[in-house]
Amino acid sequence: MSSESTPSLSMAVPAMEAMVEGWKKLEIAMPHLQPMIAPGRAKIEQYLSGMRNSKAYIVAMLLNPSCKFHWIATHWDTEATAHAKQWVHEEAMRYGARPPSSPADTASPTKVTRTALMQGVYEALFSADYLNGCGSSQATPSEEVRSYLSARRELVVNEDLLQWWERNRHRYPTLFRMAMDYLPIMASSVPCERVFSASAETDTPRRSRISPALMGALQVLKYALKKDRLDFSRQYVNHMEQLETGDAATDHDAHTLTEMGYDVDESYLFAVFGDVHYVA
């Protein structure tokens with residue numbers, strides 16, 4: 001639940017409810033541990049009570065094509081299931097009445113990769129018959145929701161949920177806009193806590209006068225470098241094919257060195273690259 005880049009909000013309720021059921025079985029199988037298990041289970045059930053009454057968790061579960069209403073219909077009572085469906089239809093109507101003008105409605109989601117652990121959790125919680133259904137981009141929001149729910153669930157394993165919705169954005173335009181708002185919600189505050197902890201490495205006593213704007217920029221830059229999203233030396237790297245064919249010393253190399261501030265002349269190129277022809 002503490003993933004920084006993979007949407008996990010839709011799995012929060014199913015995962016915690018499955019854990020509670022596992023603890024109940026453990027209490028029966030190992031009664032001598034019941035005094036220790038019961039308080040922890042009671043605390044989780046207290047959190048679950050609030051999560052089941054949160055629209056964000058319900059909508060996120062719907063927007064997971066591996067789950068939809070399968071978990072709710074299977075593990076919740078009839079009244080709670082009907083209430084959840086009403087919430088989803090109301091939210092779809094609200095999004096359908098809103099023009100798609102905000103960046104969240106139109107921007108393509110960031111490409112991320114699901115880990116093997118997440119794949120295993122998905123298969124364990126939502127395994128069943130999976131088959132793509134058909135939808136209509138001209139449908140009303142209510143018809144779009146019904147079409148999406150009537151299609152059989154699709155186990156999303158080899159791509160991220162946001163990538164799945166990017167592929168189906170024209171098939172379910174209203175639900176796509178909802179997915180861009182709901183799925184990126186973090187299921188845990190752990191990623192935020194990591195950011196605050198990492199900021200202590202930047203805001204040291206020797207850098208105590210860093211402005212808030214600069215501090216924010218440094219944190220974003222550090223995160224981008226950590227995730228290999230920035231590479232300032234990529235343009236200066238020669239490919240293996242160039243090294244094998246001897247084409248590394250070209251006019252492009254001289255131009256690159258000039259951009260870096262070197263005073264490039266023929267004697268310098270000869271010393272670095274050997275006997276090559278250079279056109280100024």
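Observations, loosely collected:
- The listed peptides 50-57, 14-21, 62-69, ordered by packing as a protection proxy, come out as 62-69, 14-21, 50-57 (highest mean of other Cβ atoms within 10 Å first).
- Taking 0.36 nm per residue of separation and subtracting the current Cα-Cα distance, fully stretching the chain between Ala200 and Arg52 would add 49.7 nm.
- For the range 1-77, the equivalent ellipsoid derived from the Cα gyration tensor has semi-axes of 26, 13, 12 Å, listed largest first.
Values quoted throughout were computed directly from the atomic coordinates according to the rules given, and no laboratory measurement underlies them. Just so it is clear, the model here is predicted, and its values are computed rather than measured. Cβ coordinates were reconstructed from backbone atoms using ideal geometry, including for glycine residues, and neighbour counts include every protein chain displayed.
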